[in-house]
1. Please pick out the residue among TYR104, TYR20 that is in a helix (DSSP H, G or I) and surrounded by 15 or more Cβ atoms within 10 Å (Cβ to Cβ).
2. Being of a type in the set (A, V, I, L, M), assigned to a helix (DSSP H, G or I), in contact with a Gly (Cβ under 9 Å, 6 or more places away or on another chain) and within 11 Å of ligand 2 (Cβ to nearest atom): is that true of VAL389 here?
3. I need every pair where a residue in the range 244-267 that is closer than 30 Å to CYS303 by Cα and among the basic types (Lys, Arg) has its Cβ under 6 Å from the Cβ of a residue that is open to solvent by less than 90 Å² (accessible area, probe 1.4 Å) and modelled with pLDDT of 80 or more, sequence separation at least 6 or different chains.
4. Pairs only if they're at least six apart or on different chains, beta carbon under 9 angstrom, first in the range 369-385 and touching a residue at least 12 places away in the same chain (Cβ under 8 Å) and within 18 Å of PRO239 (Cβ to Cβ), second within 8 Å of ligand 1 (Cβ to nearest atom) and acidic (Asp, Glu); list them, first residue then second.
5. Looking at ALA375, ALA402, which one is farther than 19 Å from ILE258 by Cα and either of a type in the set (A, V, I, L, M, F, W, C) or outside any helix (DSSP H, G or I) (or both)?
6. Taking LEU221, is it closer than 22 Å to PHE41 by Cα and modelled with pLDDT of 90 or more?
7. What is the one condition in (1) within 22 Å of GLY65 (Cα to Cα); (2) of a type outside the set (Val, Ile, Thr); (3) modelled with pLDDT of 95 or more that GLN305 does not satisfy?
8. If a residue has to be open to solvent by less than 30 Å² (accessible area, probe 1.4 Å) and either in a helix (DSSP H, G or I) or over 27 Å from ASP247 (Cα atoms) (or both) to count, how many in the range 48-63 make the cut?
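The values are calculated or read from the model by the stated rules, or taken from the named source; none is laboratory data. Keep in mind that this is a model prediction, so the values were computed, not measured. As a convention, Cβ positions derive from the backbone with ideal geometry for all residues, glycine included, and neighbour counts pool all protein chains shown. What goes into the accessible areas is simple: the full protein's heavy atoms, side chains included, and nothing from ligands, DNA or RNA. Shrake-Rupley method; radii C 1.70, N 1.55, O 1.52, S 1.80 Å.
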Amino acid sequence: MTKQIVFAITLLVTLGIFFYTIRRLISYFRFTRAAFPVKDFGKRINTMLSVAFGQTKIFRRPVIGMFHALVFWGFCVILIGSIEMVIDGLTGTDKILQFLGPVYNFIMASGDVFALLVAVSIIVFLSRRIFFHVKRFEGIEMKKISHIDANIALTIILLLMVSLLAMNTGYVELKTLTGEKLIGLYPVSNVLAKWFGGGQPETYRTVFEVSWWSHILLIFLFANILPYSKHFHVFLSVPNVFLSRLDPLGKLPNMDSITREVRLMLNPETAFAAAEGDAPYERFGVKDAEDASWKNYFDSLSCTQCGRCTSVCPANVTGKKLSPRKVMMDLRARMKEKGPLMVKNGRDFSDNKSLVRDYVSEEELWACTTCNACAKECPININHPTLIVDMRRYLVMEEASAPGELKTVFNNIENNGAPWQYSADDRLDWAKDLEININ
Ligand code: SF4
Ligand code: SF4
């Protein structure tokens, strides 16, 4: 009973802190703008099954992709065992899911094998980060704290797997020594028990209890570290893929405010009637975090900082300042900075800073070729170009700020109806001395 009470208090504290953090992050969504409507659920489920659960994009780099996929699938299987531990901890039962019979044996055996595979994968990840210079993990946005954050999270995952294997090994050896019935199958821990087994049952009871508590406390700790870490994607990557933008890459969404302006010009009478009920004018494009859409913000929270987007960005690989990963990290950092101030002072609050310029420079924004390679490569379907283009839209439409060459093009379009500097009347001058009929 004491164990149950201690467990229940620990769980309550964990959930309390977790939901406090999540509530704070969610509260910032109310400042963001609308994005696309979430429909086409069949298509979304298919995308989620292939991209998130099938890890299809991760496998574009087959070797390291396989290690990552093993960690993801391992988490999914081990999660079932963790849920059982929470129920056992609260109710005082022993392996409550055993009524599942052969299915239970399969889940426990898979969890035991995956614990080893995940541990090996994490050792590979840690070794790459600590001993090898992987270009993808470098960049101006990758500060020392980003590397520390990644290493801490990976170390916790490794400890989680070690404690799980120690718990299973203690359990197997305890049951072997006492002759009691073993519930579930544990292929890896059976081998470990043979290597390290022997001695008094009490020793293995202690090993089991200590590992059980270590494992569950590490889960609780990890859950509360994640929202502050790049590893928040452990929670958010699957929903982020489900909420993917389903339009073809490269298709830019129209701006409602501009559509309304055009309608007003084309048919003022009907457009005015429609415009009356519309929301007041908001900003053209994105200047600051609150101008971004909820999906942009969701993307920024989900970003794993893997750098796959930056590694394929033609602007970045040719030495420009632009890094699509940095754009996502900047939006998250800016919302983290301004979100609490807006909660306190309202959406219109200004701290005289903005996402554009204070975080993302004009040089970065105009370096983008809108090729969409970043969005295509991102393993969790983050879409960077829509945000980059919206920041450019702000610069052009509200500040008339654009590189000189583009301003010339804009003027030509306005005056000549074409990007070139010639009048529309002169358009066919090139053909006037040729013997062709141009009428
Ligand atoms: S945006 Fe996507 S590809 Fe780029 S770092 Fe984040 S998760 Fe990786
Ligand atoms: S769309 Fe822009 S940010 Fe993305 S890869 Fe292409 S140039 Fe880089």
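1. Numbers: TYR20 fails: surrounded by 15 or more Cβ atoms within 10 Å (Cβ to Cβ).
After applying the criteria, what remains is TYR104.
2. So VAL389 passes the test.
3. As it stands, the answer is ARG245/ASN383, since those pairs meet every condition given.
4. CYS378/ASP299; ILE380/ASP299; ASN381/ASP299; ILE382/ASP299; ASN383/ASP299
5. Working: ALA402 fails: farther than 19 Å from ILE258 by Cα.
Within the list ALA375, ALA402, the selection yields ALA375.
6. Numbers: closer than 22 Å to PHE41 by Cα: no; modelled with pLDDT of 90 or more: yes.
So LEU221 does not fit the description; no.
7. Looking at each condition in turn, GLN305 falls short on (3).
8. Qualifying residue count for the region: 3.
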